[in-house]
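Below is one structure, written out as structure tokens; the observations come after it.
What follows is calculated from the coordinates using simple rules that are stated; it is not laboratory data. Source: prediction; values computed, not measured. Neighbour counts are summed over all protein chains in view; Cβ atoms, including those assigned to glycine, are modelled from backbone coordinates with ideal geometry.
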């Protein structure tokens with residue numbers, strides 16, 4: 001059974017409720033032609049088969065004064081293979097592939113069939129949709145699109161009961177020049193939130209299939 005404690009291991013889970021109010025974010029304005037943005041977003045990712053990025057994860061926990069920072073590598077392979085590999089301060093990785101989830105550290109390996117969990121299916125789809133340009137059409141969230149001089153911002157509010165129990169909202173920042181995901185801010189109902197910032201993003205770099213082994 002997937003408990004809330006085990007979910008805390010996943011940055012994507014640290015990634016709502018009706019009290020989350022969308023206000024126009026500072027420095028951003030609403031995108032007027034959303035349909036054109038959606039088409040451009042999808043087109044920019046259509047030719048992308050793999051993505052490799054460095055990431056910095058910062059956790060803001062209500063019970064702790066200091067922020068918790070982690071570093072690592074993020075891997076994506078079309079259509080739905082993900083690997084989040086932590087290298088500092090601890091070494092472990094998370095793999096999602098074809099409905100299977102694997103969490104592995106130095107001492108333990110946990111395997112989960114995400115087809116048995118509606119929530120985990122949705123979490124997997126959020127991450128994949130970020131990479132393939134289909135985020136505006138995720139059925140579990142209502143998306144509002146904004147833009148600044150250099151970035152796009154997609155603010156997601158959950159619409160299903162399962163997602164509302166965990167998230168108050170998820171904000172996805174895209175580089176305007178190439179639609180690369182540069183940051184995901186994940187806000188929990190209980191007040192904690194986690195930021196994942198992506199740098200040195202490389203598209204269509206050959207990736208070994210063993211990276212995505214989840215069975």
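List of remarks:
- Helix content alone sets the calculated 222 nm mean residue ellipticity of the chain: runs of n ≥ 4 DSSP H residues at -39500 (n - 2.57) each, divided across all residues, give -4500 deg cm²/dmol.
- Contour minus Cα-Cα distance for residue 36 and residue 54 (0.36 nm per residue): 3.5 nm
- Among 54, 140, the order by Cβ neighbours within 10 angstrom, fewest to most, reads 54, 140.
- Note on the chain: Rg/Rh from C-alpha atoms, Kirkwood Rh, equals 0.94.
- Region 166-182 and region 68-86: distance between their alpha carbon centers, rounded to Å: 15 Å
- Largest-first principal axis extents of the Cα set of region 124-215 (Å): 42, 38, 25
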